[in-house]
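These notes concern the structure reproduced below.
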There are 2 protein chains.
Amino acid sequence: MKDWKSIDAFFSPKSVAVIGASEQKGSVGSAIFGNVAKIYGTKAFPVNPKHAKIQGKKTYASVKDIPFPVDLAVIAVPSQFVPSALEECMEKKCGAAIIVSAGFSEVGEKKLTAQISELIKKHPHTRVMGPNCVGVMNNHSGLDTTFFSSERMQKPKKGNLSFISQSGALGSMILDWVATQDFGISKFASYGNAMDVDEADLLEYFGRDKKTKVITMYLEGARDGRKFYETAKKVSRQKPIIVLKGGRSEETSKATASHTGSLAGSSKVYDAVFKQAGIIQVNDLIELFNVAKLLEKEPLPKGNRVQIITNGGGFGIVTADQVIANGLRLAKLSQKTVSELGHKMPMATISNPMDLIGDADVARFKEALKATISDKNADIIMVLVLFNLPAIEAQKLSILKGARKKLAKPIIVISIGSDYTEKYMGKIEKAGFTTFTYPSIAARSMKEMASYAEFLRKA
Amino acid sequence: MKDWKSIDAFFSPKSVAVIGASEQKGSVGSAIFGNVAKIYGTKAFPVNPKHAKIQGKKTYASVKDIPFPVDLAVIAVPSQFVPSALEECMEKKCGAAIIVSAGFSEVGEKKLTAQISELIKKHPHTRVMGPNCVGVMNNHSGLDTTFFSSERMQKPKKGNLSFISQSGALGSMILDWVATQDFGISKFASYGNAMDVDEADLLEYFGRDKKTKVITMYLEGARDGRKFYETAKKVSRQKPIIVLKGGRSEETSKATASHTGSLAGSSKVYDAVFKQAGIIQVNDLIELFNVAKLLEKEPLPKGNRVQIITNGGGFGIVTADQVIANGLRLAKLSQKTVSELGHKMPMATISNPMDLIGDADVARFKEALKATISDKNADIIMVLVLFNLPAIEAQKLSILKGARKKLAKPIIVISIGSDYTEKYMGKIEKAGFTTFTYPSIAARSMKEMASYAEFLRKA
């Protein structure tokens, strides 16, 4: 394995060259250069032998003509020109090269693929990502080597989740969706055919990256199963790794071969490897980031006993059903807590779900929350709020923050509704609670969180 | 069973009295009267012996003092006054009475509960809904007997789904969420403790209601299991019934007893009854309405073979995984379709998923869609669109409509993203396609749709 520090040139280059930069609006070369130049200014160099200037900047015929060091080169030229372009980057001593171009092993191409393979062996100082990928984003610095226009795609907020995606298009689609959510992204990498940099290299790098707290991953097939397993096993003890595996059945694993050239692997083998390595495996795109946001924002629970507190009886029941269906347990609060709360709010049902009933105000929620935080019989707390009931003073909900003090237990707040609910859920999020819209997704995410905590206790 | 037509007084009354109407802002009696008066004008009558006028309207000391016929009475007074108020409504010959007040069997109360029970026996001409419910909404006429303020809760669009909820608060919370979605509601009823009108009466009524195409239901426990089963068995052959059962485990079924006074019933018994009766059972709130919208908008499929068409390879793979995980099958298009499409688009992978690849334009999607619609080997079509790829001209997507002509097969369009994607997904919805955001939810909904179609074929 090459030194993990070499990956840094992809995410924190001081200068970037775009080979195949273009003047033609809507083209890949134009979009990539536009995205890079926006942040890198005079340290962004267009390379294209047919133009003297691109997007107003002096353009070089070859990367070797650039009279400055180039840390990162992005190659977006037709596949037949890729080997020579890559060789020039290597001769220029670029630290990293991203090959965006497609048309290699994923379509059964052999000759050009072999040439690239030779170059990677000959010039190990230049790390290569791709081909057939969309490159990287560093959401803290603004670096973006993808070809997505800002009109069509929004940037996620800055945050602590990093995302490794074998598929570039799927990865960027998800990032666009993340922009609508309440959590942020640190770094993104799409590594495509993985001829040099692979999933394990990126795992290792993000495992050591101080701005990454949780690693998410879309994986079709590991290039080197053993290396992936060993790396994941090590990293998962430092930070959570959450994986969505594409191609889980015999039929769909065939499709991955023509997509990213991944070797089909038995889904059962992957399931076992993930489990052994302490990787959290999820079933779909929604889960991937919901589990991640929960792990990023909340402390790990000491067990899997969940206490539900609500002002809506039916809401509490359907959520409790989800808690149980996902293999978590309903907490049984101590007799002391039950009698103290029962004394303070005689009409409420101090059970699980704890139904504070429809006329509950924020003060009643706070009492219930404080008592449950102090009770050792509850590991995780779910607060379900019906905002449409007249008695709840939504504008006062931030006082719940006072009940929390330190992050001793994970607390999840759930509500479903339209504008009014969303407005106050946003405020609760800002007051330091993690919010979810659907009980089923919250319960599933909590289950993965509790399992990861158990894995760490046994590790 | 009383005549189903008697239920009509709840949904289409010509006049409405609110007993316990109030001047006090934020109170239940004020909110209900406000909601009713907004639509009923001079045919909305406040009843309250302590006031001469409420919200500017002449107020009566008793419902019996109103010098006009009253079709529907809404009773929102403290529980001890409910029996006498109800008796007056019955003597006034109201067709229907909704008892919003709580404090009866759900809290173990016996005396008042018995009095109401006697009155229901003595005066069968007045149908009674509740107690402990929020009443009804008729989204076509605007009738709304709930106590939710328009500030806190939005009204769903008008549509063809009707919703029966044992829990009033949960029901109205979901309606508020439905307002953010792309489908509409016809009628809503929360029936609480079900002392007279129960889930089966409402099923029967919605089964015959011309403005209801699909029936959704939140059920904690059926009051009369046999009646429910017989009614559902009959109605499910006319229109789909989709049920979310609350209290599915031993622990949570205890909670339903203190919530709506429902008798705990074994979850396995319910599962069997639902299956036998042709009821579609779902696991959570998201599923309830996603299955319903799919059944409302799309034709029933002839089988469970799904063809995926996409411009995103990874997107196709994760969706195909969901199709298989949910017990559906991947279609295998005929050799003729494969070779014809292969000829027209040599770079695409004409398989399943069918990967039109990243440079696909709308014309390529249209060709693929037309060919798949004509192919007898595909029963359901999923079109997955990555809108952020430069080649797809989102503004032209409505031409896909031309490929559809008649509704021969269900077609579901899926995309995930932010503003740009949402904008064009809205246009696709308007062009007559059903859209989903998450492959997992779409696949699960399709599975229920295919199972229901199979149930009907065998019924």
Worksheet item: Of the conditions (1) within 14 Å of another protein chain (Cβ to nearest Cβ); (2) within 24 Å of A:Asp355 (Cβ to Cβ), B:Met129 fails just one. Which one is it?
Response: (1)
Item to complete: Please go through the stretch B:445-454 and pick out each residue that is among the acidic types (Asp, Glu) and either within 22 Å of B:Lys406 (Cα to Cα) or within 14 Å of chain A (Cβ to nearest Cβ) (or both).
Response: B:Glu454
Discussion item. Whether any residue in the stretch B:388-407 is within 14 Å of chain A (Cβ to nearest Cβ) and β-branched (Val, Ile, Thr) is what I want to check.
Written reply: yes
Worksheet entry | Residue check, B:Met137 crowded, with 21+ Cβ neighbours inside 10 Å and part of a helix (DSSP H, G or I) | no
Fill in: Yes/no for A:Gly159 being within 23 Å of A:Gln238 (Cα to Cα) and either in a loop (DSSP other than H, G, I, E, B) or within 14 Å of the chain's Cα centre (by Cα) (or both)
yes
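Yes/no matrix, rows are residues, columns are (1) surrounded by fewer than 24 Cβ atoms within 10 Å (Cβ to Cβ); (2) away from chain A (no Cβ under 11 Å):
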position: B:Asn311; (1), (2): no, no
position: B:Phe315; (1), (2): no, no
position: B:Leu328; (1), (2): no, yes
position: B:Lys332; (1), (2): yes, no
position: B:Val338; (1), (2): yes, yes
position: B:Ala348; (1), (2): yes, no
position: B:Asp355; (1), (2): no, no
Fill in: the stretch A:418-430, subset more than 14 Å from chain B (Cβ to nearest Cβ) and not small (Gly, Ala, Ser), residue nearest to the chain's Cα centre (by Cα)
A:Glu429
Worksheet, complete the sentence: Residue set A:Arg248, A:Arg226; condition within 11 Å of another protein chain (Cβ to nearest Cβ), outside any strand (DSSP E or B) and farther than 20 Å from B:Leu389 by Cβ; output residue A:Arg248
Worksheet item: Just a yes or no: is a residue in the stretch B:350-365 within 21 Å of A:Glu151 (Cβ to Cβ) and among the acidic types (Asp, Glu)?
Response: yes
Worksheet item: For the subset of the stretch B:186-198 comprising residues that are under 14 Å from the mean Cα position of the chain (by Cα) and away from chain A (no Cβ under 13 Å), which member is nearest to B:Met425 (Cα to Cα)?
Response: B:Ser186
Worksheet entry | From A:Leu161, A:Leu175, A:Leu202, residue being within 14 Å of chain B (Cβ to nearest Cβ), under 24 Å from B:Gly314 (Cα atoms) and surrounded by 20 or more Cβ atoms within 10 Å (Cβ to Cβ) | A:Leu175
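Yes or no, residue by residue, for (1) touching a Lys or Arg at 6+ places or on another chain (Cβ under 9 Å); (2) surrounded by 23 or more Cβ atoms within 10 Å (Cβ to Cβ); (3) closer than 18 Å to B:Gly192 by Cα; (4) of a type in the set (Val, Ile, Thr):
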{"residue": "B:Ala37", "(1), (2), (3), (4)": "yes, no, no, no"}
{"residue": "B:Lys57", "(1), (2), (3), (4)": "no, no, no, no"}
{"residue": "B:Ser62", "(1), (2), (3), (4)": "yes, no, no, no"}
{"residue": "B:Phe81", "(1), (2), (3), (4)": "no, no, no, no"}
{"residue": "B:Lys92", "(1), (2), (3), (4)": "yes, no, no, no"}
{"residue": "B:Glu109", "(1), (2), (3), (4)": "no, no, yes, no"}
{"residue": "B:Pro124", "(1), (2), (3), (4)": "yes, no, no, no"}
Worksheet item: Which of the following residues is away from chain B (no Cβ under 14 Å), farther than 18 Å from A:Ser190 by Cα, touching a Phe, Trp or Tyr at 6+ places or on another chain (Cβ under 9 Å) and small (Gly, Ala, Ser): A:Ala44, A:Ala96?
Response: A:Ala44
Worksheet entry | Criterion (at pLDDT below 95 and over 13 Å from A:Asp321 (Cβ atoms)) met by exactly one of B:Gly278, B:Gly246, B:Gly265 | B:Gly265
Discussion item. Can you confirm whether B:Phe188 is crowded, with 23+ Cβ neighbours inside 10 Å and at negative phi?
Written reply: yes
Worksheet item: Consider A:Pro13 against the criteria (1) farther than 15 Å from A:Gly135 by Cβ; (2) part of a loop (DSSP other than H, G, I, E, B): it satisfies all of them except one. Which criterion is unmet?
Response: (1)
Practice prompt. Return only the number of the condition from (1) surrounded by fewer than 24 Cβ atoms within 10 Å (Cβ to Cβ); (2) more than 13 Å from chain A (Cβ to nearest Cβ) that B:Glu151 does not satisfy.
Written response: (2)
Fill in: Selection within the stretch B:12-32 - more than 14 Å from chain A (Cβ to nearest Cβ) and either out of contact with any helix residue (DSSP H, G or I) (no Cβ under 7 Å at 6 or more places or on another chain) or surrounded by fewer than 16 Cβ atoms within 10 Å (Cβ to Cβ) (or both)
B:Ser12, B:Pro13, B:Lys14
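Listed here are the residues, each with its yes/no results for (1) touching an Asp or Glu at 6+ places or on another chain (Cβ under 8 Å); (2) within 21 Å of B:Ser253 (Cβ to Cβ); (3) basic (Lys, Arg); (4) not in a loop (DSSP other than H, G, I, E, B).
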{"position": "A:Lys293", "(1), (2), (3), (4)": "yes, no, yes, yes"}
{"position": "A:Leu300", "(1), (2), (3), (4)": "no, no, no, no"}
{"position": "A:Thr319", "(1), (2), (3), (4)": "no, yes, no, yes"}
{"position": "A:Asp359", "(1), (2), (3), (4)": "no, no, no, no"}
{"position": "A:Ile373", "(1), (2), (3), (4)": "no, no, no, yes"}
{"position": "A:Lys376", "(1), (2), (3), (4)": "no, no, yes, no"}
Item to complete: Consider only pairs whose beta carbons are under 6 Å apart and that are at least six residues apart or on different chains; among these, list those whose first residue lies in the stretch A:431-444 and is at the interface with chain B (Cβ under 9 Å from one of its Cβ atoms) and whose second residue is among the aromatic types (Phe, Trp, Tyr) and assigned to a helix (DSSP H, G or I).
Response: none
Worksheet item: For the stretch B:124-144, how many residues are under 18 Å from the mean Cα position of the chain (by Cα) and of a type outside the set (A, V, I, L, M)?
Response: 8
Worksheet item: Just one of B:Gly313, B:Gly303 is of a type outside the set (Lys, Arg) and touching a Lys or Arg at 6+ places or on another chain (Cβ under 9 Å); which is it?
Response: B:Gly303
Discussion item. Exactly one condition in (1) of a type outside the set (D, E, K, R); (2) in contact (Cβ under 8 Å) with a residue 60 or more places away in the chain; (3) within 21 Å of B:Ser141 (Cα to Cα) is false for B:Val70; which is it?
Written reply: (2)
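The values are calculated or read from the model by the stated rules, or taken from the named source; none is laboratory data. Source: prediction; values computed, not measured. All Cβ positions, glycine included, derive from the backbone under ideal geometry; neighbour counts span all protein chains shown.
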